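Encoded as structure tokens, the structure appears first; notes follow it.
Every read-out reported here was derived from the displayed coordinates using simple, explicitly stated rules and does not represent laboratory data. Worth saying up front: this structure is predicted, and the values here are computed from it rather than measured. Positions of Cβ are backbone-derived with ideal geometry, glycine not excepted, and every protein chain shown enters the neighbour counts.
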Amino acid sequence: HRLIRRQRQMCIRDRFKYILNCIMSDSKSILFICLGNICRSPMAEAILAHTLKDTPHNVDSCGTASYHRGESPDNRTVSTLLKNGIKTEHKARQLKQSDFEKFDYLICMDNNNLRNIKDMARRWGVSKDIVDRKVKMFGEWKPKDNNKFGEVVEDPYYGDITDFKTCFDQCSLFCKEFVSREGLL
Ligand code: 4NP
């Protein structure tokens, strides 16, 4: 559906380039994961999808919990993104077993997420090899020369709008490093 929708919006030359790119390139699927899927992971998803909008890569997000299933991201996530010219149409969903097959990267925000994802994988019988290869902390892509942020993306839900701004800045920095180090552009 994504491919068809994108194609409709493109001129013939762009369409040809896009199809060629899909065939020739190593298209990647990236899933960001946090707890509620209304603050951090939809923020990271929207930033990366914005950066990769003219590429064949696929970006999504989900939560380890289902409390907010079907909801739009937190108003403060939406407004912080909009201030930076980025829109999101995401609706919250919970991590599911097929995500471990569908996605190349399952990227989480903190150590609780990591523990929960590993527990869920174990319960679903997902192989250790897949978990070790695909499940990562976003902090793995913290640039070496950066002292402003820690490796953990802290939950801004109980904070205020400045915590969302910090979350945006941290996710933007990690996304930039991710795109560059993984060769996605
Ligand atoms: P997120 O933040 O994991 O970054 O989406 C949270 C949102 C909601 C809740 C916890 C964390 N909650 O407990 O409802």
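Any chance you could list the semi-axes, whole Å, largest first, of the equivalent ellipsoid that the Cα gyration tensor gives for segment 96-136, using √(5λ)?
Result for segment 96-136: semi-axes of 14, 12, 9 Å.
Looking at the square roots a ≥ b ≥ c of the eigenvalues of the Cα gyration tensor of segment 1-141, which shape do they give, rounded for a/c under 1.5, prolate if a/b is larger than b/c, or oblate?
Cα axes put segment 1-141 in the oblate bin.
Would you pull out the residues with amide H under 5 Å of residue 103's amide H, same chain only if 5 or more places away, H placed 1.01 Å from N?
For residue 103, whose amide H was placed from the backbone, there are no distant partners under 5 Å.
Got a sec? Charge dipole of segment 27-142, +1 on Cβ for Lys and Arg, -1 for Asp and Glu; which of 64, 90, 75 is way out at the positive end?
64
In nm, to one decimal, how far is the residue 75 label point from the residue 122 one, both placed 7 Å along Cα→Cβ?
The modelled label-to-label distance comes out at 4.0 nm.
Hey, what does the equivalent ellipsoid look like for segment 48-99, semi-axes from the Cα gyration tensor as sqrt of 5 times each eigenvalue, largest first, whole Å?
21, 17, 6
Short version: ³J(HN,Hα) in whole Hz for each residue of segment 172-185, in order, from phi by Karplus 6.51 cos²θ - 1.76 cosθ + 1.60 (θ = phi - 60°), x for Gly and Pro, what are they?
Working through the residues one at a time gives 4, 5, 5, 5, 4, 5, 4, 4, 6, 6, 8, x, 8, 10 Hz.
In which sequence would 12, 30 go, from the one with the fewest C-beta neighbours within 10 Å to the one with the most?
Starting with the residue having the fewest Cβ neighbours, the order is 12, 30.
Quick one: dipole size for segment 76-185, taken about the Cα centre, charges +1 on Lys/Arg Cβ and -1 on Asp/Glu Cβ, in debye to the nearest 20.
I would put it at about 280 debye.
For residue 83 and residue 17, calculate 0.36 nm times their separation in residues minus their Cα-Cα distance, and state this gained length in nm to one decimal.
20.6 nm
Mean projection of the alpha-carbon convex hull of segment 70-185 over all orientations, in nm²?
Spelled out: convex hull of the Cα atoms, projected over all directions, averaged, 8.3 nm².
Dividing the Cα convex hull volume of segment 120-165 by residue count, how many Å³ per residue is that?
104
Please report the net charge: other residues with Cβ closer than 11 Å to the Cβ of residue 156, K and R +1, D and E -1.
-2
For 168, 16, which order do you get if you count the other beta carbons within 10 Å of each Cβ and list the fewest first?
With the sparsest Cβ surroundings first, the list reads 16, 168.
How much mean residue ellipticity at 222 nm does the chain get from its helices, if each DSSP H run of length 4 or more adds -39500 (n - 2.57) and you divide by all residues, to the nearest 500 deg cm²/dmol?
Result for the chain, helices only: -14000 deg cm²/dmol.
Per-residue HN-Hα couplings for segment 158-170, Karplus 6.51 cos²θ - 1.76 cosθ + 1.60 at θ = phi - 60°, whole Hz, x for Gly and Pro?
8, x, 10, 4, 5, 5, 6, 5, 4, 4, 4, 4, 5
I want the local charge near residue 172. Using Cβ-Cβ distances under 13 Å, sum +1 for each Lys or Arg and -1 for each Asp or Glu among the other residues.
Cβ neighbours under 13 Å give a net charge of +3.
Determine, from the Cβ-Cβ distance of residue 112 and residue 4 and an R0 of 30 Å, the FRET efficiency 1/(1 + (r/R0)^6), rounded to the nearest 0.05.
Efficiency, from the Cβ-Cβ distance: 0.20.
Mind listing the long-range amide H neighbours of residue 32? Cut-off is under 5 Å, sequence gap 5 or more, other chains count too, H placed in the peptide plane at 1.01 Å from N.
Correct list: 60, 61, 62, 107.
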